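See below for the structure under consideration.
The values are calculated or read from the model by the stated rules, or taken from the named source; none is laboratory data. Given the structure is predicted, the values throughout are model-derived calculations rather than measurements. Don't worry about glycine lacking a Cβ; one is built from the backbone with ideal geometry, like all the others, and counts go over all protein chains shown. Calculation scope for accessible area: heavy atoms of the full protein, side chains included, ligands and nucleic acids excluded. Shrake-Rupley method; radii C 1.70, N 1.55, O 1.52, S 1.80 Å.
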Amino acid sequence: MVNDLAVIGLELAVVFAGLGVLLADLWLPAARRPHLALVTAWVLGLILLASFGIEAEPVRTAFGGMYRLDALALFFKRFFLLAALLVTVVAREFREGFEAGHAEYHALTCFALAGMMLAASAQHFALLFVALELVTVTFYVLVSFPRRRVTALEAGVKYLILGALASAFLVFGIALVYAATGTLAFEALAGRLETFTGNRLVLAGLLLVGAGLGFKLAAVPFQIWAPDVYQGAPFPTTAFLSVGSKATGVVLLLRVLFEAVPSLTARSGPLLSVLAGLTMFYGVLGAIPQRSLRRLMGYSSIANAGFLLVGFATRSTEGVGAVLFYLAGYVFAVLLVFLVATLVWRGAEADEIATLGGLGRRAPALAASLTLGAASLAGIPPLAGFLGKFLLIRAAVLGGAENPALYWLAAITLVAAVVAIYYYFGLVRAVYWGEEAGSASVGPVSRSARAALVACAAGVLGLGVFPGPVLGWARLAARGLGL
Amino acid sequence: MNPGLEHYLVVSALLFCLGLVGVVLRRNLLVIYMSLELMLNAANLALVAASRFVGNLDGQVMVFFVVTVAAAEVAVGLALIVALYRRRQTAHVEDLTTLRL
């Protein structure tokens, strides 16, 4: 028991950080409460540092094999910690948008983070379900946190209904798989799967589980919620949704597809490729006419889910490694865009892209940061986003030797990536060549925000120019799946 | 005739589909939410029945988790719906039209 607790030490630390923030909010005098954001960020940073002291080898398990601490889990845990740390900084800049309960926001971020980190280690459908729900239920609150804004409430209710529907699909799918095979553990399921070849009950159950996870990923046909919810949610939540929540879907899908049902995934034919293509095109075509930044990012998030699915469709170590590297570049680029957006609009509700006009003159540094983020998302060399897309397409082409459908997928990905450049360029055009929209100067940038901006810009550039170490971790983590 | 696992699964699938139809067709948020609960409980029925026929308790333990999580979800969900009702004086999905292109 004590050994088990030592294995989940990182998650425990995050949960205690969340509880600590809540308690500190009770006892601190009102004047000192705003500092809690910085304290949370520091604590998350320390936990992130501590995570580098943990060895992935030998692989450790806890709670009867339900929980597994391997290279893949560690990669995602660090990823989630970094995302939550940056989101906390964004939330601090967004504080005027919340009437009250700043500390609650940071605490909820920590709890959602704990759910994501547990999900990264799931080896059992019970842990998968509970971790996923911890993330989802926390996000219902985070989305509608400014509770006097009709848009936030509406987004929250839409997320609630569709999220609960996805949970129902997930649980029913788990029930069907269990009824057919009699086990909920991934390893046991993988062992028994051969005897259930062609069993309709297993197949239907897995499709339902896939639906529940596809919702998290915002993949077609479960993407309808993304634009509305992204647009209504406050900026830090939107950033966390597009990075943390999506990556939770990615890691769980990896675990289920390649660890729980590897033999079925190998025979799934073109299903994943078709979903990847449809998701990419829905995202890039939907994003073109958008005028609201968060709605644009919502469609962009769908398109990125499509790009990530390309790596799944290759069913190779190469492809999964590319997915992980793509995510690492994605977190920096998205957070860069949302940091700048928060610094420009502060807690305001509006986010019309046209009002960014003249930012190039009003705040050149912020404009440059936004351009860097958008360029990385668009996949301009030598930034991280370019290398991520390149690796994904390369994995698809390499896989094409065995599975010619992947050549088509690589071509479609290339077209979608080119279309994506168009709408991200719209953002850059508004910043530098847009009509001057009001003369309101951008307020002073706090030190924490400046540090986060520099870190994100360094990440976007560094991953593009010196991809070595992170790519090494990504490949190491992907190799653990035994493809 | 003793009821077998398939009988339970058919009942549970019927309940699940009833819930799904409710979510798709009904227009009141509270009724939609009740339909969602029906879907979750359909899954619970399947889990308990499967646990009985498979011969281990994993399914029953899973049901405890599902019930607990559903309770948490309802607590948050009803709070959200009440907050929305206070602002908009409505609980109908047709009125949720602020977020559109």
Cα point-scatterer Debye curve for the protein assembly as shown, base-10 log of I(q)/I(0) at q = 0.05, 0.09, 0.12 Å⁻¹: -0.19, -0.65, -1.22
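For region A:1-107, which chymotrypsin sites (Phe, Trp or Tyr not before Pro) are in a loop by DSSP, counting at most 13 other Cβ atoms within 10 Å? The partial results should precede the final answer.
On the way: sites: A:F16, A:W27, A:W42, A:F52, A:F63, A:Y67, A:F75, A:F76, A:F79, A:F80, A:F94, A:F98, A:Y105; in loops: A:F52, A:F63, A:F94, A:F98.
Answer in residue order: A:F52.
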Quick one: which residues, 5+ away or cross-chain, put their amide H under 5 Å from the amide H of A:H124? H built at 1.01 Å from N. A:F186
To the nearest 10 degrees, how steep is helix A:71-93 against the longest Cα principal axis of chain A, on a 0 to 90 scale? 20 degrees
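When the solvent-accessible surface of protein heavy atoms is calculated with a 1.4 angstrom probe, in what order do A:T355, A:T237 fall, highest first? Intermediate results must be reported in sequence, preceding the final value.
Numbers: A:T355 55, A:T237 0 Å².
Result of the area sort, largest leading: A:T355, A:T237.
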Could you tell me, in Å, what Rg and Dmax come out for the Cα atoms of region A:254-356? 16.8, 52
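Which sequence of A:F466, A:F338 reflects their accessible areas, 1.4 Å probe, from the largest down? Walk me through the numbers on the way to the answer.
On the way: A:F466 155, A:F338 0 Å².
These residues rank, largest area first, as A:F466, A:F338.
Treat region A:9-76 as a sphere of radius equal to its Kirkwood radius over Cα pairs and apply Stokes-Einstein at 10 °C in a medium of 1.306 mPa s; give the translational diffusion coefficient in µm²/s, rounded to a whole number.
On the way: Rh = 13.9 Å.
Translational D for this selection: 115 µm²/s.
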Using only helices, what value at 222 nm comes out for chain A when you add -39,500 (n - 2.57) per DSSP H run of length 4 or more and divide by the total residues, to the nearest 500 deg cm²/dmol? -24000 deg cm²/dmol
The Rg/Rh figure for region A:269-483, Cα atoms and Kirkwood Rh, to two decimals is 1.01
If you find the alpha carbon centre of region B:1-37 and of region A:253-316, how far apart are they in angstrom? 29 Å
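For the protein assembly as shown, with all protein chains present and a 1.4 Å probe, just round the carbon and sulfur fraction of the accessible area to a whole percent.
Working: 15280 of 22410 Å².
That share works out to 68 percent.
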Can you pull the one-decimal nm distance between simple spin-label points at A:L271 and A:A204, each 7 Å off the Cα toward Cβ? 1.5 nm
Dimensions (Å) - region A:244-293, Cα atoms, principal axes, largest first: 44, 26, 5
Interface residues, region B:11-26 - accessible area loss of 40 Å² or more versus chain alone, probe 1.4 Å: B:F16
Between helix A:36-51 and chain A: long-axis angle, C-alpha atoms, 0 to 90°, nearest 10: 40 degrees
Could you tell me the calculated FRET efficiency between B:V48 and A:L414, based on Cβ-Cβ distance and R0 = 60 angstrom, to the nearest 0.05? 0.75
For region A:70-204, what value does the Rg/Rh ratio take when both radii are computed over Cα atoms and Rh is the Kirkwood radius, given to two decimals? 1.08
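Can you work out the FRET efficiency for the pair A:W42 and A:F16, with r the C-beta to C-beta distance and R0 = 22 Å, to the nearest 0.05?
Details: r = 14 Å, r/R0 = 0.65.
So the FRET efficiency works out to roughly 0.95.
May I ask for the accessible area buried between chains B and A, both sides summed, probe 1.4 Å, to the nearest 100 Å²? Kindly include the intermediate steps, with their values, before the conclusion.
Details: alone 7490 and 18600 Å², together 22410 Å².
Summing both sides, the interface buries roughly 3700 Å².
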Can you give the angle from 0 to 90° between the axis of helix B:5-25 and the longest principal axis of chain B, with both taken from C-alpha atoms, to the nearest 10? 10 degrees
For residues of A:148-160, the mean tally of beta carbons on other chains within 10 Å: 6
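Please compute the per residue accessible area over region B:5-90 with all protein chains in place, 1.4 Å probe, rounded to a whole number of Å². Show your work: numbers first, answer last.
Details: 4520 Å² over 86 residues.
It amounts to 53 Å² per residue over region B:5-90.
If you take the beta carbon distance between A:R346 and A:E436 as r and set R0 to 22 Å, what does 1/(1 + (r/R0)^6) give as a FRET efficiency, to the nearest 0.05? Can you show the working numbers first?
Working: r = 19 Å, r/R0 = 0.87.
Efficiency, rounded to the nearest 0.05: 0.70.
How much area per residue is accessible in region A:269-483 when the probe is 1.4 Å and only protein heavy atoms are counted (Å²)?
Working: 8160 Å² over 215 residues.
Accessible area per residue, region A:269-483: 38 Å².
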Any idea how far apart A:T197 and B:L5 come out in nm if each label point goes 7 Å out from Cα toward Cβ? 2.0 nm
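Once the Cα gyration tensor of region A:336-418 is found, what semi-axes does its equivalent ellipsoid get, as square roots of 5 times the eigenvalues, in whole Å, sorted largest first?
Values: eigenvalues 261, 31, 18 Å².
Semi-axes from the Cα gyration tensor: 36, 12, 10 Å.
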Using just the Cα positions, wrap region B:12-93 in a convex hull and report its mean projected area in square nanometres, one decimal place. 5.3 nm²
Taking the simple approach of a point 7 Å from Cα along Cα-to-Cβ for both B:E94 and B:L30, what is their distance in nm? 1.9 nm
Reachable lysines from A:K77, Cα under 23 Å, same-chain residues fewer than 8 places away excluded? A:K216, A:K246, A:K389
